[in-house]
1. Around residue B:76, with a cut-off of 13 angstrom between Cβ atoms, what is the net charge of the other residues, counting Lys and Arg +1 and Asp and Glu -1?
2. Give the average, rounded to an integer, of partner chain Cβ atoms located within 10 angstrom of each Cβ in A:93-106.
3. Shielding of B:53-64 by partners, i.e. mean partner chain Cβ atoms within 10 Å per residue?
4. What FRET efficiency would be calculated for the residue pair residue A:31, residue B:47, taking the C-beta separation as r and a Förster radius of 35 Å, to the nearest 0.05?
5. Rounded if a/c is under 1.5, else prolate if a/b beats b/c, else oblate: with a ≥ b ≥ c from the C-alpha gyration tensor eigenvalues square-rooted, which is segment B:96-156?
6. What are the ³J(HN,Hα) values, in whole Hz, obtained from phi via the Karplus relation 6.51 cos²θ - 1.76 cosθ + 1.60 with θ = phi - 60°, for each residue of segment B:65-82 in sequence order, with x given for Gly and Pro?
7. Enter the mean number of other protein chain beta carbons within 10 Å of the beta carbon of each residue in B:27-33, as an integer.
8. Skipping prolines and chain starts, which residues have an amide H placed within reach, meaning under 5 Å, of the one on residue B:216, given they are 5 or more residues away or on another chain?
Amino acid sequence: MAKTESKQQLGVRGEDLACAELERQGMQVLERNWRCRLGEIDIVAREAGPTGLTLVFCEVKCRSGLGFGHPLEAITFTKMRTLRRLAAIWMREHQVKASTIRLDAIGVVLVSGQPASLTHVRAVG
Amino acid sequence: VASACGWSVALVGLEGRIVEVEADIGAGLPRTVLVGLPDSALYQARDRCKAAVSNSGQEWPISLLTINLSPATLPKAGSHYDLAIVAAILAAQGIFRADELRRTVLLGELGLDGRVRPIRGVLPATVAAQQAGFTRVIVPLRQAGEAKLVAGIDVFGIASITQLVALLHDSLEVSAVHSLAGFNLANELITRPPYSDPHHSASVASIVGGGQRIARPRAISCAHKGVLFLDDSTEAQSIQWCGFILVIADALSKVATDNLTAKFASAVRQPGVARVARRQSLGLAGVGLGGFSSGRAMAQLRNIRSVSAA
């Protein structure tokens, strides 16, 4: 049980860092860990661009090392397809108008004693 | 976001056709796509190459990697494209310069540990490369003799990805230093790690290098990526100096610096100009150093634990 908790804590820490990164890039975080029966969206953010408002749905994967590969490698095609479906449900429920939507992925590597390494890939799906 | 290309040969019967292998590292989730009409053995090159690169101390790009074999209409079979694929990927990552792969054909299958395995058809493929105007062919080490049967093309045999990197990255750098030092390269790159063993009575300048307007690298730089062996090093004042300088230059990775003492600065007449790269193993021998007896330098070379392995 203790192990599971620390794994969850790691995930939360990764998502905190991911939110900070999106905000640093000028995005506004609208929602975190939004759940429905299909699954969960890690971060929903909005980005004002020259062509209007973009809604960004972001999947975050955090790992404590590279022993099992880079976290981004764990974000599969199936996961992104699910995220796309979830995005549609989220928009229907929230009635937010946006000119475009975008799916992003953020991989966070948190090795204890080392600075966090964060990789942000835009428009993956 | 970067791309590079390597070259290989598709054999259709005995006739060889040149194949361009492009690698592009683009934005996207980590995924490797291999396009250009590969058969299943070739499609598996993806997984083979990935393991081979990771096990050779290099990194596989954590992004969308697209490998294209061109001309796309030509069906391609077999596993000998591995080497060209890996070379293109490493060049795209900037491990060595992409133009190192120009005029070079690469042939070889990879093992998961990064070894280069023999392939079939080295001779006809080399003939095709030579006829198409390529000047260099890199083949599995054991098959270098077969490729050398073809006149008019340089043949390099390699046993692993590590050697490929050494050949494409280090040889150019080492050759450039030797060229600057005034050696005649006689139409070919230096591919064997250099060895330099200046005499203990040698002056600081002849070991460290100098030069008035044009930097003249000497013993230290000429052992770049190789072995610098200082025999009887306790005998000579200048060599002791060099040992000291080496340790400092190691950290600074340049031959001359203004911060060094006046003695050294006067040996290198233009401090700060002669920045000639040097990374090597340093061997020291001499009475009082322990473990070595003087005058048996070569015999003991293999026992040298590098004192300063850069």
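Only the coordinates and a few stated rules stand behind these numbers; no lab work does. Predicted model, so just to flag it, every value in this text is computed and none were measured. Neighbour counts run over all protein chains shown; Cβ positions are idealised from the backbone, glycine included.
1. Numbers: positive: B:17; negative: B:20, B:39, B:82.
Net of charged neighbours comes to -2.
2. The per-residue average across the peptide is 0.
3. Values: counts 0, 1, 0, 0, 0, 0, 1, 3, 0, 9, 4, 2.
Other-chain Cβ atoms within 10 Å of each residue's Cβ, averaged: 2.
4. Details: r = 39 Å, r/R0 = 1.10.
Efficiency, from the Cβ-Cβ distance: 0.35.
5. On the way: a/c = 2.15, a/b = 1.18, b/c = 1.83.
Since a/c reaches 1.5 but b/c is at least a/b, the shape of segment B:96-156 is classed as oblate.
6. Residue by residue, segment B:65-82 yields 10, 10, 10, 10, 9, 10, x, 5, 7, 7, x, 10, 10, x, 10, 7, 7, 3 Hz.
7. On the way: counts 4, 7, 14, 11, 5, 0, 0.
Mean number of neighbouring Cβ atoms from other chains: 6.
8. B:210, B:211
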